[in-house]
Amino acid sequence: MSADAAQPASFAFTPEYEARADQIIARYPEGRQQSAVLPLLDLAQRQHGWLPRAAMDHVAAKLRMAPIRVYEVATFYTMFNLKPVGRYFLQACTTTPCWLRGSDEVVATCHRVLGIGVGESTPDGLFSLVEVECLGACVNAPILQVNDDFYEDLDGPATERLLESLRRGEVPPMGSATGRQTSAPAGGPTVLTSLSFDAAPAAGKGTE
Amino acid sequence: MPKLKIDGIEVEVPPGTTVLQACEMLGIEVPRFCFHERLEIAGNCRMCLVEQEKAPKPIASCAMPAADNMVIHTNSPRARKARQGVMEFLLINHPLDCPICDQGGECDLQDQAMAYGFDRGRFRENKRAVKDKELGPLVKTTMTRCIHCTRCIRFATEIAGVEELGATGRGENMEVGTYVEKALTSELSGNIIDLCPVGALTSKPYAFTARSWELRKTESVDVLDAVGSNIRIDARGPQVMRVLPRLNEAVNEEWISDKTRFAYDGLLRQRLDRPYVRRDGKLVPATWDEAFQAIAARMQGLPGDRMAAIAGNLACVESMFALRMLMDGLGSPHRDCRQDGAAVDPSARAGYLFNTTIAGIEDADLCLLVGTDPRWEAPLVNARLRKRWRRGGFQVVRIGATTDTTYAVEELGNDPALLSAVADGSHPLAERLKAAKAPMLIVGMGAIRRADGAAVLAAARKVADTCGLVRDGWNGFNLLHTAAARVGGLDVGFVPASGGHGMGGILGAATTGEIGLVWLLGADEFDMARLGRAFVVYQGHHGDAGAHRADVVLPGAAYTEKDGLYVNMEGRVQEGRRAVFPPGEAREDWKILRAFSAVLGRPLPFDTLEELRRRIVSAHPALGRRDVAPAPWALFGVAGPIQARPFALPIADFYMTDPICRASTTMAECSDLYVRGDDARTGTHG
């Protein structure tokens, strides 16, 4: 990994990210600045797309930690990508609820449409596909997470439509592919049916 | 004081004691891998599980504080079953390669598997394999054997002070290593080999050369620095196979430096194994008799005050005492054991000792370093300073060159004038020293190894006096020596007699021809060209600078090849013991001197080592002890002007300080890598 040719020689936060980093560090009491290591690594990953070693070193220097302590944290958490990933980072949940609801089809569609398997990236650098454990949205299973957004209630055709529009550079709205409201019953509400969501936003809030 | 019951025995322990420590107080052994007395508690190996009554499950005794009314069973069926389970899990991923593992025979896992191991494996999956890590020329890794006890990580972080090792990845993918491939940049790195409870970290130079049960073990002391680390020399036949630390809480605890541990291969190379005599400009092999006759012939008619003797850094007390007697008999007042020219004042013992003692560092609360880098000059003193610093409430201030010491140092700058300013109270540090409860001052050889060294020493003494470093039951004045022979040499008076020349004077007189014969007792660390046209006798064990310049070479014994006394920087007299015989015709140094005195017709008055030692003790009673006696505070040093020139450090290359290290290929590799910064060799170089 350390010999990876993709590793940039150096890394530094842009002024914008630097300001956010300083803001985060300031949240911690004096002498406890190292607690900011997780959010700072996240910032670095957001800035660079993935987390190169130079970024870990930069975070270590900024927090006055030994680099190895940062490497330990970064390698422990699976959400830090230590290798380059595509612009759309697809995380398919295959834990039991998603699997029962057809996650195999979602993964197979990704594989068919993009031509990549789990753990691979497309040559154009647009997509990377990984398999993840429970994303905590079982009620809308199966889920495909694209970068920070959840696309829910997917099946083969819905996944294909999603991937095609991403490939065109269009990012469809996140949420359920079947059009249901958040995690309401698939066939529409079965209780509180008399409530009108459009007219009374305060009441609508209660049903969510 | 919590009172608890372990295996039916009531025991009262100090608060904060763990259950495991309480068991040890009763002499009950609890198996463990991750727990180590000198490291922080990790509690991750689970081997120390014991049963606690009324607890829902077995407890990890290493991490559980002893509490009142606990009832502990260390050997109940439940405790045994729990440990057997832990052992089975540990062995799941541990290779069955004991026959080809260097740890075999001294492996904690092997030993404990005898007690708790299952006689067959139930795991049918593949064992995990882990890529080996490259940690430099000293530590060999076989990471598949690692059981993740994290002792090496904790040692590097806490004791060595180099945060370079860590555990990356998680779960089954966790690996111990540096992540970015690099050699460990610590002079204490070899200790992780001893700490490793399995064969994951073994000694690279020792790899596959011997089995622990074939080795003859000799308890001795190290002479490669002035700490006097207690060591165990493991030898097979005529060869030293390895050097390991021996526990001595007062000196090295249970650590040794990499130089102490790995320089032993230098004992095999460049050895002087027969006498040589220079004929027609070339050193040619000779017999002992020819060599002695050649010296005697040169001495014929040469008045004693035209002869001089210089003792080197590795000489034992006996050989220096014998050489001094020999030179006294010849009427030579010119002798010195300070071949680096350090202005150590031999008149008062307190003036040249590390008076605080190494263990005493732990009681200090403020330390002023003067012209010293303890990390290279005495790694275990540095480790002790770091240990004290980690506990908190300890400040280190330095006047001298800036180096990485592994603890925070307040650098005042490298200006000798600062020392005078502290001494006369005009520097704010003076007030801090006065206010401190247990202040100490460490003067390095670099500060006094200069023309104005005596004045620097006097200024340091003045600091000690004016700032109250010497108080009831506390002496905060310390000299940090770098040579194992130095304090012993000063103790037996291997310094100029009245009217005699010191180091500088001897070299000056030799250059002018005033001194016609110089006897070097293993002295190699000065410019041989300054010996001029003097007839040089080199008595020593390695063909280093001194032997190349010599007219007669007398092959002596290295520290592993003779019984000898050494006095460490604290003034602690310790006994080195013979582990192997000197090679070829080489002999123990006191015997050489005794034999030569007979050739001169005036034999030295001893025939055995015991007689010689009795004479030493009757002349210098302090050497009769085997521990440290506080030296009375006295006058020393010669006040004078101090030059503005900054202090230089005495050691340019930690791995190349003496003839043994310079002959060692292991030390040469370390020097290439760590000192000359040839980083390109890491990773590919063997």
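Since every read-out is calculated from the coordinates, none of them should be taken as a lab result. Note that this is a predicted model, so its numbers are computed, not measured. Note: ideal-geometry Cβ built from the backbone for every residue, glycine included; neighbour counts use all protein chains shown.
General observations
- Over all orientations, chain A has a Cα convex hull whose mean projected area works out to 15.0 square nanometres.
- Across segment B:482-622, counting alpha-carbon atoms alone, Rg and Dmax equal 15.7, 43 Å.
- For residues of A:64-76, the mean tally of beta carbons on other chains within 10 Å: 5
- Residue exposure proxy: B:SER618, B:SER76, ordered by other Cβ atoms within 10 angstrom of their Cβ from fewest to most, comes out as B:SER618, B:SER76.
- Computed FRET value (nearest 0.05) for A:ARG46 with B:GLU29, which takes r as the C-beta separation and R₀ as 60 Å: 0.70
- Per-residue Cβ neighbour rank within 10 angstrom, fewest leading, B:ARG80, B:ARG530, B:ARG246: B:ARG530, B:ARG80, B:ARG246
- Gain on full stretching of the segment that runs from B:SER426 to B:ALA497 - 0.36 nm per residue minus C-alpha separation: 21.7 nm
- Label-reachable residues, segment B:329-370, where backbone N falls under 19 Å from a point 7 Å from B:ALA652's Cα toward its Cβ: B:339-342
- Candidate lysines - alpha carbon under 24 Å from B:LYS591, same-chain residues fewer than 8 apart omitted: B:LYS562
- Legend: mean number of C-beta atoms from other chains within 10 angstrom of residue C-beta atoms, peptide A:53-61, equals 1.
- Efficiency of FRET between B:LYS131 and A:GLU131 - r from beta-carbon atoms, R0 25 angstrom, step 0.05: 0.55
- Solution diffusion estimate, µm²/s, Stokes-Einstein, segment A:3-76, Kirkwood Rh from C-alpha pairs, 25 °C, viscosity 0.890 mPa s: 199
- Cα-based Rg / Dmax (Å) for chain B: 27.4, 91
- For A:CYS93, the amide hydrogen comes within under 5 Å of the amide hydrogens of A:VAL132, A:ILE143, A:GLN145, counting only partners 5 or more places away or on other chains and with H modelled in the peptide plane.
- Estimated from helical segments only, the mean residue ellipticity of the protein assembly as shown at 222 nm is -8000 deg cm²/dmol, where each DSSP H run of four or more residues counts as -39500 (n - 2.57).
- Residues of segment B:42-69 falling in the label zone of B:ASN75, defined by backbone nitrogen less than 16 Å from a point 7 Å along Cα to beta-carbon, are B:49-51.
- A:ALA186 sits among other residues whose Cβ lies under 10 Å from its own Cβ, and their net charge, with Lys and Arg +1 and Asp and Glu -1, is 0.
- Each Lys or Arg adds one and each Asp or Glu takes one away; over the other residues whose Cβ falls under 14 Å from the Cβ of B:LYS133, this sums to 0.
- Relative contact order of chain A, defined on C-alpha pairs under 8 angstrom at six or more residues apart (%): 14
- Cα Rg, Dmax, the protein assembly as shown, angstrom units: 34.5, 128
- Potential extension, B:PHE89-B:ASP119 segment - 0.36 nm per residue separation minus Cα distance: 9.5 nm
- Per-residue Cβ neighbour counts within 10 Å put B:LEU368, B:LEU272 in the sequence B:LEU272, B:LEU368, beginning with the fewest.
- Net lengthening on full extension, B:GLU10/B:CYS98 (0.36 nm per residue, minus Cα-Cα): 27.6 nm
- Projected label distance in nm at B:ALA629 and B:GLN270, using a 7 Å step from Cα toward the beta-carbon: 3.8
- For A:ARG167 and A:TYR77, a Förster radius of 25 Å and the Cβ-Cβ distance give a FRET efficiency of 0.30, rounded to the nearest 0.05.
- Too-long pairs where the Cα-Cα distance tops 32 Å, listed order kept, from A:LYS62/B:LYS133; B:LYS3/B:LYS434; B:LYS259/B:LYS462; A:LYS83/B:LYS387; B:LYS57/B:LYS217; B:LYS3/B:LYS57: B:LYS3/B:LYS434; B:LYS259/B:LYS462; A:LYS83/B:LYS387; B:LYS57/B:LYS217
- Radius 14 Å from Cβ of B:THR287, net charge of other residues (Lys, Arg +1; Asp, Glu -1): -1
- Virtual spin-label span in nm between B:ARG577 and B:GLU37, 7 Å along Cα→Cβ: 2.1
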